[in-house]
Every structure is written in C-alpha cells, then in structure tokens.
Amino acid sequence: GPGWQWLTPTRRFALGVYAPAVFRYGDWKVPEGGFEITEVMRITGGLVLDAEWRHRSFSIGQKIGYVRGFSSAFWALHANYIF
C-alpha cells in the first residue's frame, strides 16, 4: 500500500504513515461441527505508524497500527540492505 515518510535532517531516522491493503482468499473445506465461513474473499485496509532507522546501506524499521477486520494490532518488522 501507499505510505509517506519524513526523513530527519541527519537522514538517519524516518517516521511516517503507511496504509496497507490486505487481500484474503480462503477457499477451503469447512470442518463439520457448526463452523461457517461468512466471506470467502475479503479486501480490507488500515493505517499504521512507520518508523525506520538507517545506517549507511542498512536499515531496520517497524510498522504498527490497526487494520480493519484483524482481531489484533498489525505489526511488521523489516530489515533492508541497499546494494
């Protein structure tokens, strides 16, 4: 999804927002015993806080926030290396 980051003047830290788009398709056999799938296909989204620390060619960051339809908070940790 789209996002926006503000980079500090030292270019070592970035803070921003990110709007993830989430697509789920669950075409599986429903187990017996009263279970029911209300939506086979679902598209949803949300808004999360995006923070990143940069050092030369390496960066590490995280995204945390809310995505509609998730039972808990959305959290992602990432590491990047720029060649």
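For region 31-52, enumerate the residues that are open to solvent by 50 Å² or more (accessible area, probe 1.4 Å) and closer than 22 Å to VAL67 by Cα.
If we filter region 31-52 for residues that are open to solvent by 50 Å² or more (accessible area, probe 1.4 Å), which is where we start, we get 31-43, 47, 49.
Passing the criteria: ILE37, THR38, GLU39, VAL40, MET41, ARG42, ILE43, LEU47, LEU49.
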With criteria (1) within 30 Å of PHE83 (Cα to Cα); (2) open to solvent by 100 Å² or more (accessible area, probe 1.4 Å); (3) in contact with a Ser or Thr (Cβ under 9 Å, 6 or more places away or on another chain), PRO9 comes up short on (3)
Quick one: would you say TRP28 is open to solvent by 90 Å² or more (accessible area, probe 1.4 Å), aromatic (Phe, Trp, Tyr) and either in contact with a Leu (Cβ under 8 Å, 6 or more places away or on another chain) or not in a strand (DSSP E or B) (or both)? yes
Could you give every pair whose Cβ atoms fall below 7 Å, whose first residue belongs to region 55-70 and is closer than 19 Å to ARG24 by Cα, and whose second residue is open to solvent by 80 Å² or more (accessible area, probe 1.4 Å), counting only separations of at least 6 or pairs across chains? GLY65/LEU47; GLY65/LEU49; TYR66/LEU47
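The values are calculated or read from the model by the stated rules, or taken from the named source; none is laboratory data. Source: prediction; values computed, not measured. Heads up, the Cβs are rebuilt from the backbone with ideal geometry, glycines too, and the neighbour counts pull from every protein chain shown. Accessible surface areas use protein heavy atoms only, side chains included; no ligands, DNA or RNA. Shrake-Rupley method; radii C 1.70, N 1.55, O 1.52, S 1.80 Å.
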